1. What residues qualify as long-range amide H neighbours of residue 140, i.e. H under 5 Å apart, gap of 5 or more or another chain, H built at 1.01 Å from N?
2. Specify the residue with the greatest mean-square fluctuation among 214, 43, 196, computed from a Gaussian network of the chain linking alpha-carbon atoms under 10 Å apart.
3. Of the trypsin sites (Lys or Arg not before Pro) in region 134-200, which ones lie in a loop per DSSP and count no more than 16 other C-beta atoms within 10 Å?
4. Under 10 Å, Cα contacts only: if you run a Gaussian network model on the chain, which one of 151, 28, 225 comes out with the highest mean-square fluctuation?
5. What ³J(HN,Hα) values, in whole Hz, does the Karplus curve 6.51 cos²θ - 1.76 cosθ + 1.60 give for region 27-38 when θ = phi - 60°, with x put for Gly and Pro?
6. With runs of 4+ DSSP H residues as the only contributors, calculate the mean residue ellipticity of the chain at 222 nm using -39,500 (n - 2.57) per run, divided by the residue total and rounded to the nearest 500.
7. Between residue 130 and residue 243, take the C-beta separation as r, use R0 = 41 Å, and let me know the FRET efficiency to the nearest 0.05.
8. Tell me the chymotrypsin sites (Phe, Trp or Tyr not before Pro) within region 202-252 that lie in a loop according to DSSP and have at most 14 other beta-carbon atoms within 10 Å.
Amino acid sequence: MKPVCLIIGAGAGIGGNVGKRFAAAGYHVVLCRRSDEEGLQAMVRDIEAAGGSASGRLLNAATEDSIEECVAAVEAEHGPIEVALYNLGAQIGNRSLEETSYKAFELGWRLGTFGLFRLASVLCPLMAQRCKGSILVTSATAAVRGNAGQHSHAAAMGGRRMLCQTLNAQYASQGVHVAHILVDGAVDAPDTLGKMLGAEAFQALRDAPDYNLMQPSEMAETYFHIAHQHRSAWTHELDLRAHSDVAWWNHA
């Protein structure tokens, strides 16, 4: 039986590329995303065409019991989850306080923080029973720097970061490795950043000679490495950015 890697938030950027990397190493990868069944199955076919093993599931993480039922189904169908990636974004755009509705703020929290809590609630005890497992959590600059217009996103990502710390405090000694991966820059992801900016602006960013988008296939190597670190040298938090970006702590 192949080891299992569950990816919640499997788009064409980080999630899909992490899936490809783990599949290439012999994992069965379960790709989960909220919508676009056709795109989901295309990613599955790409992995299988490269000799890997994968399956796809549509998952609305904001729906009650959806994450919990997904974990139970994956463990029953494919075996114990050895690695899980929580890769859901919680960005609702740049909005002033007056433009941020209660509903929008709460949605950011549900996707950014509560969803991870729900995943951990069902998966951490299982991993602890087996004395092994890794939960990789994609995060954002907003987890460490709250800018104007980012009330929902910063609150959600800040909560995500602190939750990773509390999970480590309880479960690291039981063999569960939780890593908070802070993405401090723009990622070459057509179905997230591309949709947010629009096709023309996104392509201009791709073509700019003085700026490098972060390449998700290269980022996936870091995710894979973290999941396979020896427990005597675990990374619990790191940040990633392109060489041309100014680090979050050096911004004015």
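The numbers here are math on the coordinates, done by the rules we state, and not lab data. Every value quoted in this text rests on a predicted model; they were computed, and no experiment measured them. Virtual Cβ from ideal backbone geometry, glycine too; neighbours counted across all protein chains shown.
1. Amide H neighbours of residue 140: 183.
2. Maximum among the listed residues: 196.
3. Those that pass, being in a loop and sparsely packed, are 145.
4. 225
5. 7, 8, 9, 9, 9, 10, 8, 6, 8, 6, 4, 4
6. On the way: 9 runs with 108 residues, N = 252.
Computed mean residue ellipticity for the chain: -13500 deg cm²/dmol.
7. 0.60
8. For chymotrypsin sites (Phe, Trp or Tyr not before Pro) across region 202-252 that sit outside H, G, I, E and B with at most 14 neighbouring Cβ atoms in 10 Å, the list reads 211, 234.
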